[in-house]
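Below is one structure, written out as structure tokens; comments come after it.
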Amino acid sequence: MSETADIGRQQVASVYAKALIGATEKAGVTDPVVEELDSLVDDVLAKFPGFESVLGSSRLSLDDKTGVIDRVFAGASEQLTTFLKVLANHERLDCLREVRVEARKIVNELRNRVAIEVITAEALSDSQRDEIVVALQSKMGSEIDLNQRVDENIIGGIVVRVGDTIIDGSVRNKLNQMKSQAVQKVVEQIH
């Protein structure tokens, strides 16, 4: 996919995210609806990619998509199901992941939160997560929106991403640094 297409999808997602947040702020239900959207992406689309393809398919009629939304999301809030139907009506259900990212950005701005991604080799326990949030809140001086991701390739330790800044305290990074230093020392000794 080209960069222009990605920018176009991001712009479209931003428009829909603003509409969602505008509607939910008026109703006072923004945070729970955005959490439902998070769950939709993390718990449904990530685990059932075929379902994501069905939602984004142009072969499925609007009535069929609306029926799927009604059946699959029967327990979801009215605001989320209405929003999904609006996306379906405009053939934009394929942008759900991007809408979620943009909605999170908007909510974080509204709530004065800093979005932080923490990457670890294993899932954090609730107490570890709470400890990290407290430490980051005191360091950052604002509320934290912590997104935790597991990447077994980092071996151990932690990687923290705040915007464009990455603090890499992973074992893999430390091993790479040690390797680089060892190679540099060998090169210096040879010269």
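The values are calculated or read from the model by the stated rules, or taken from the named source; none is laboratory data. The shown structure was predicted, so the numbers you read here are calculated from the model rather than taken from an experiment. For neighbour counting, all protein chains shown are included, and Cβ atoms are generated from backbone atoms with ideal geometry for every residue, glycine included. Remember, those area values only see protein heavy atoms, side chains included, never the ligands or the DNA or RNA. Shrake-Rupley method; radii C 1.70, N 1.55, O 1.52, S 1.80 Å.
Laid out as a table, the results:
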| item | result |
| --- | --- |
| Single residue of E91, E122, E102 found to be within 30 Å of R59 (Cβ to Cβ), open to solvent by 90 Å² or more (accessible area, probe 1.4 Å) and not basic (K, R) | E91 |
| Per-region count, segment 117-147, residues closer than 30 Å to A19 by Cβ and over 19 Å from the mean Cα position of the chain (by Cα) | 2 |
| Answer from V114, V107 - the residue that is open to solvent by less than 30 Å² (accessible area, probe 1.4 Å), within 17 Å of the chain's Cα centre (by Cα) and under 22 Å from L37 (Cβ atoms) | V107 |
| Residue satisfying condition, being open to solvent by 70 Å² or more (accessible area, probe 1.4 Å), closer than 13 Å to V99 by Cβ, assigned to a helix (DSSP H, G or I) and modelled with pLDDT of 90 or more, within set K18, K26 | K18 |
| Inter-residue pairs, beta-carbon under 8 Å, first open to solvent by 50 Å² or more (accessible area, probe 1.4 Å) and in segment 55-79, second charged (D, E, K, R) and assigned to a loop (DSSP other than H, G, I, E, B), 6+ apart | S58/E91 |
| Any pair with Cβ under 8 angstrom, 6 or more apart, that starts in segment 152-166 at a residue that is open to solvent by less than 60 Å² (accessible area, probe 1.4 Å) and ends at one that is of a type in the set (F, W, Y) and modelled with pLDDT under 85 | none |
